[in-house]
Amino acid sequence: MRILLAVASRHQGTWEIGEVLAQRLRDHGHEVDQRAPEDVATVADHDAVVLGSAVYTAHWLPAARDLADRCAEELRARPVWTFSSGLATQPANSANSPLEIAALRERIGARTHRSFRGRLDRSVLTFTERAIIAGGRAREGDHRDMAAVAAWADTIADALAAEPAAPRRSVGACRA
């Protein structure tokens with residue numbers, strides 16, 4: 001299957017989580033296109049989608065939310081999984097706005113949402129980001145569990161293996 005892996009990342013930590021997902025899905029025999037959400041015009045050429053974002057101030061990055069809004073109809077027509085990467089010292093699900101993620105999942109028909117711990121390198125943050133992080137008492141370092149990321153990719157691959165082969169469904173292009 002051809003999988004679109006769209007990842008919104010500000011400082012590459014979430015992008016690297018995407019790279020682990022992509023490699024593991026490739027190991028299962030899938031073709032994976034990893035792209036930034038702003039570089040996705042359509043999902044019509046893909047059989048399944050994994051959409052992820054870093055979490056800042058309890059929200060997904062605008063590019064990921066925009067892709068979900070622009071392509072909601074196309075996304076609902078295929079298997080979709082979502083993930084977040086949040087503050088380095090707590091799972092992203094406690095940093096995410098749970099209502100926002102639930103609404104997004106419903107809008108695009110995502111099967112599941114997975115939250116992963118993130119990476120914090122204060123040296124690459126803007127002044128505003130450092131101020132927000134200070135308020136959250138986040139601990140510097142790489143707290144990502146790449147084994148958990150790979151295991152989640154395995155569950156996606158298993159779900160796709162159980163899917164009946166279906167032709168790609170194009171329901172129209174994503175909105176501009």
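Throughout, read-outs are computed from the coordinates displayed, never taken from laboratory work. Keep in mind the model is a prediction, meaning the values are calculated, not measured. Virtual Cβ from ideal backbone geometry, glycine too; neighbours counted across all protein chains shown.
Worth a mention:
- Amide H contacts of Thr112: Thr82, each under 5 Å away and 5 or more positions distant or on a separate chain (H built 1.01 Å from N in the peptide plane; Pro and chain starts excluded).
- Between Ala159, Ala77, Ala150, the Gaussian network model of the chain with springs among Cα atoms under 10 angstrom shows the greatest mean-square fluctuation at Ala159.
- Segment 49-87 and segment 116-132: distance between their alpha carbon centers, rounded to Å: 21 Å
- Across the chain, C-alpha contacts under 8 Å between residues 6 or more apart give a mean separation that, scaled by the residue count, equals a relative contact order of 26 percent.
- Fluctuation leader among Ser85, Ser123, Ser115 - the chain, Gaussian network, Cα springs under 10 angstrom: Ser123
- Nearest-ten-degree value, helix 146-162 long axis tilted from longest Cα axis of the chain: 20 degrees
- Simple Cβ-charge dipole of segment 2-162, Lys/Arg +1 and Asp/Glu -1, about Cα centre, in debye nearest 20: 520 debye
- ³J(HN,Hα) computed for each position of segment 38-53 - Karplus, 6.51 cos²θ - 1.76 cosθ + 1.60, integer Hz, glycine/proline x: 5, 9, 9, 9, 8, 10, 4, 8, 10, 7, 8, 9, 10, 10, x, 8
- Summarising the amide proton neighbourhood of Leu120: residues at separation of 5 or more, or on other chains, whose placed amide H is nearer than 5 Å comprise Gly141, Asp142, His143.
- Considering only Arg70, Arg122, Arg144, the mean-square fluctuation computed in a Gaussian network model of the chain, springs between alpha carbons under 10 angstrom, is largest for Arg122.
- With the simple spin-label model, which puts each label point 7 Å out from Cα in the Cβ direction, the Thr57 to Glu31 separation comes to 4.0 nm.
- Principal-axis tilt of helix 98-108 within the chain, Cα atoms, nearest 10 degrees: 20 degrees
- Rg over Rh for the chain works out to 0.97, using Cα positions for both radii and the Kirkwood form for Rh.
- Of the residues Gln12, Leu120, Met1, the one whose Cα sits farthest toward the positive end of the charge dipole of the chain, with +1 on the Cβ of Lys and Arg and -1 on the Cβ of Asp and Glu, is Leu120.
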